[in-house]
Amino acid sequence: MRTAGDLFSCHLDGQADYSSGSVVRILGTGFNAAARITLTVTNPDSMVLEWTVLSNSTGGFTATYRLDGLLGSYSVAATDGTNTATATFTAPRWE
């Protein structure tokens, strides 16, 4: 199995910190081709949101998540049942 860095990244214009209400673009690579990817976002108050997307023919996917106004650390996990990867980002400021 590859490391999380090989499989999954989370970014918006190359940033690790986002303003409240921003849309975070979640990009994944290295997953199984044409697979159902389960995405799980845990926000700063431990509320969990889960949804699925389909990977493309090379195992990549793109998804978005709009920050819900909570400031703090968010975690993202993605799995296709075989490969799993995680990423974190923060929403430290209001704009």
Next item on the list: Could you tell me which of the residues A16, A63, A33 is touching a residue at least 60 places away in the same chain (Cβ under 8 Å) and either within 18 Å of A85 (Cβ to Cβ) or not polar (S, T, N, Q) (or both)?
Entry: A16
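Return yes or no: is S55 among the polar types (S, T, N, Q) and at negative phi?
On the way: among the polar types (S, T, N, Q): yes; at negative phi: yes.
Against the criterion (among the polar types (S, T, N, Q) and at negative phi), S55 qualifies.
Quick one: in the range 42-95, which of the residues that are of a type in the set (A, V, I, L, M) and touching a helix residue (DSSP H, G or I) at 6+ places or on another chain (Cβ under 9 Å) is farthest from S20 (Cα to Cα)? If you could, list the steps in order and put the result at the bottom.
So the first thing to find is which residues in the range 42-95 are of a type in the set (A, V, I, L, M), and the list is 47-49, 53-54, 63, 67, 70-71, 76-78, 85, 87, 91.
Going one step further and asking which of them are touching a helix residue (DSSP H, G or I) at 6+ places or on another chain (Cβ under 9 Å), we end up with 78, 85, 87.
Values: A78: 22, A85: 24, A87: 18 Å.
Selected residue: A85.
If I ask for residues that are of a type outside the set (D, E, K, R), part of a strand (DSSP E or B), within 25 Å of A35 (Cα to Cα) and out of contact with any Phe, Trp or Tyr (no Cβ under 7 Å at 6 or more places or on another chain), which ones from the range 66-85 would you list? Don't jump to the end; show me each part of the working.
If we filter the range 66-85 for residues that are of a type outside the set (D, E, K, R), which is where we start, we get 67, 69-79, 81-85.
Then drop every residue that is not part of a strand (DSSP E or B), which leaves 72-79, 84-85.
With within 25 Å of A35 (Cα to Cα) added as a condition, the list becomes 74-79, 84-85.
Answer for the range 66-85, where residues must be of a type outside the set (D, E, K, R), part of a strand (DSSP E or B), within 25 Å of A35 (Cα to Cα) and out of contact with any Phe, Trp or Tyr (no Cβ under 7 Å at 6 or more places or on another chain): S75, V76, A77, T79, T84.
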Note to self: Looking only at the range 29-51, filter to residues that are hydrophobic (A, V, I, L, M, F, W, C) and not in a strand (DSSP E or B); which one of those is surrounded by the fewest Cβ atoms within 10 Å (Cβ to Cβ)?
What the structure shows: M47
Next item on the list: Filter the range 1-28 down to residues that are modelled with pLDDT of 80 or more and β-branched (V, I, T) and give me whichever is surrounded by the fewest Cβ atoms within 10 Å (Cβ to Cβ).
Entry: V23
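The values are calculated or read from the model by the stated rules, or taken from the named source; none is laboratory data. Worth saying up front: this structure is predicted, and the values here are computed from it rather than measured. Please note: Cβ atoms are built from the backbone with ideal geometry, for glycine as well, and neighbour counts cover all protein chains shown.
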